[in-house]
Amino acid sequence: MAAILFEIWETDDSMECSLVSAQADVMREPDARFVKAFHASTYNEMGQTYNDHYGWGEYHPIEGVTDIPFSEDERAAQTAYLSNRQLQPAHAAQLK
């Protein structure tokens, strides 16, 4: 079971918790503020960590969806992306 990096970002009227990826970085709102980074081995673990951060209580997975652990291939792909991650300048400054 591989742990994958997730990040929480907020704007004045929204919040996101996503797996760190090129797609998530490109789609992020320009005015988003970095809140927290954490690792999780499954989407359900990610959901519970996200809920814990905001004090929302127990995470309830989507009914009928199997919680499959992340693979070493997924972790390796994320690690490769992170080695050359390109962020919008305002976002990059927040992660330094």
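Quick notes on this one:
- Residue match in segment 66-75 (condition: open to solvent by 80 Å² or more (accessible area, probe 1.4 Å), outside any helix (DSSP H, G or I) and among the β-branched types (Val, Ile, Thr)): yes
- Boolean, Tyr50 is part of a helix (DSSP H, G or I) and among the hydroxyl-bearing types (Ser, Thr, Tyr): yes
- Looking only at residues in segment 80-93 that are more than 16 Å from Ile4 (Cα to Cα) and not in a loop (DSSP other than H, G, I, E, B), the one that is most open to solvent (accessible area, probe 1.4 Å) is Pro89.
- Index of the failed condition, Lys96 passing every other in (1) part of a helix (DSSP H, G or I); (2) without any contact (Cβ under 8 Å) to a residue 12 or more places away in the chain: (1)
- Residues of segment 1-41 that are in contact (Cβ under 8 Å) with a residue 40 or more places away in the chain, surrounded by 14 or more Cβ atoms within 10 Å (Cβ to Cβ), of a type outside the set (Val, Ile, Thr) and under 20 Å from Ser71 (Cα atoms): Ala2, Ala3, Leu5, Phe6, Leu19, Ser21, Ser41.
- Residue in segment 58-73 that is modelled with pLDDT of 95 or more, under 17 Å from the mean Cα position of the chain (by Cα) and within 26 Å of Thr11 (Cβ to Cβ) present: yes
- Any hit, segment 10-25, residues being over 12 Å from the mean Cα position of the chain (by Cα), more than 16 Å from Arg75 (Cα to Cα) and of a type in the set (A, V, I, L, M): no
- Some residue of segment 32-44 being farther than 21 Å from Met1 by Cα and either assigned to a loop (DSSP other than H, G, I, E, B) or touching a Leu at 6+ places or on another chain (Cβ under 9 Å) (or both): yes
- Top-ranked residue in segment 45-65 [being exposed (fewer than 14 other Cβ atoms within 10 Å of the Cβ) and charged (D, E, K, R); ranked as farthest from Glu7 (Cα to Cα)]: Glu63
The values are calculated or read from the model by the stated rules, or taken from the named source; none is laboratory data. The model shown is predicted, which means the values in this text are computed figures rather than measured ones. Glycine gets a Cβ as well: all are built from the backbone with ideal geometry, and neighbour counts include every protein chain shown. SASA here: full protein model, heavy atoms, side chains in, ligands and nucleic acids out. Shrake-Rupley method; radii C 1.70, N 1.55, O 1.52, S 1.80 Å.
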